[in-house]
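Any read-out appearing in this document is the output of simple, stated calculations on the displayed coordinates, not a laboratory observation. None of these values were measured; they are calculated from a predicted model. Virtual Cβ from ideal backbone geometry, glycine too; neighbours counted across all protein chains shown.
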Amino acid sequence: MASVEVILLQRVEKLGQMGDIVKVKPGFARNYLLPQKKALRASKENREHFERTRVELEAQNLKRREEAQRIAERVAGLSVVVIRQAGEAGNLYGSVSARDIAEACTAAGLSIGRPQVLLEHPIKMLGLTMIKVVLHPEVIIEVIVNIARSQEEAERLARGETPGAEAGLGQETTEAAETPAA
């Protein structure tokens, strides 16, 4: 299958930087890069247009990156809590998706959308998970997602206790193990 040449209008991970002319598969260009305004077809007219507007595009990109860096500094170490129902072993009855994480981050004061959350697979267990959030193609922050059955359990998880451990349950098992059998 033939490839298509495009001019990147912004940094695209694993593909190139702004201004690079790269060859991609036609479907990737047609379905992702062109509709999201991340690239232009590399025709003679578009190359000339890009060279004329390159300085302006780079200035806009720099401004957006600096703004994203300020936001990243402001929300460094952000931790959000997601309450879900789960079984005794800590397996969720559903899962936590990128949409759930985006909503929790927005509620915590970081206004992001679902596509900005980098989540390879939905989360299906209770506990703390580090998630990457893309504020700008060059600025990525980590957010701690605390998934628990209740707010009290979320607080225990944040302190480092294991999910599902009831208060005092761990002490009884250690006391029973210390007493010698008669």
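Can you spot a residue in segment 159-169 that is touching a residue at least 12 places away in the same chain (Cβ under 8 Å), surrounded by fewer than 19 Cβ atoms within 10 Å (Cβ to Cβ) and not in a loop (DSSP other than H, G, I, E, B)? No, segment 159-169 has no match at all. Flag: ILE141 does not match the condition of being in contact (Cβ under 8 Å) with a residue 12 or more places away in the chain and touching an Asp or Glu at 6+ places or on another chain (Cβ under 8 Å).
Conditions tested, residue by residue: (1) surrounded by 13 or more Cβ atoms within 10 Å (Cβ to Cβ); (2) within 27 Å of the chain's Cα centre (by Cα).
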site	(1), (2)
ILE7	yes, yes
LYS14	no, yes
ALA29	yes, yes
LEU33	yes, yes
GLN36	no, yes
GLU48	no, no
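Please work out if ALA59 is out of contact with any strand residue (DSSP E or B) (no Cβ under 8 Å at 6 or more places or on another chain), surrounded by fewer than 17 Cβ atoms within 10 Å (Cβ to Cβ) and under 22 Å from ALA148 (Cα atoms). Spelling it out, it is not the case that ALA59 is out of contact with any strand residue (DSSP E or B) (no Cβ under 8 Å at 6 or more places or on another chain), surrounded by fewer than 17 Cβ atoms within 10 Å (Cβ to Cβ) and under 22 Å from ALA148 (Cα atoms). Cβ-Cβ distances below 6 Å connect the following pairs, each with a first residue in segment 36-52 that is under 15 Å from VAL12 (Cβ atoms), a second residue that is polar (S, T, N, Q), and a separation of six or more residues or different chains: LYS38/GLN10; LEU40/ASN46.
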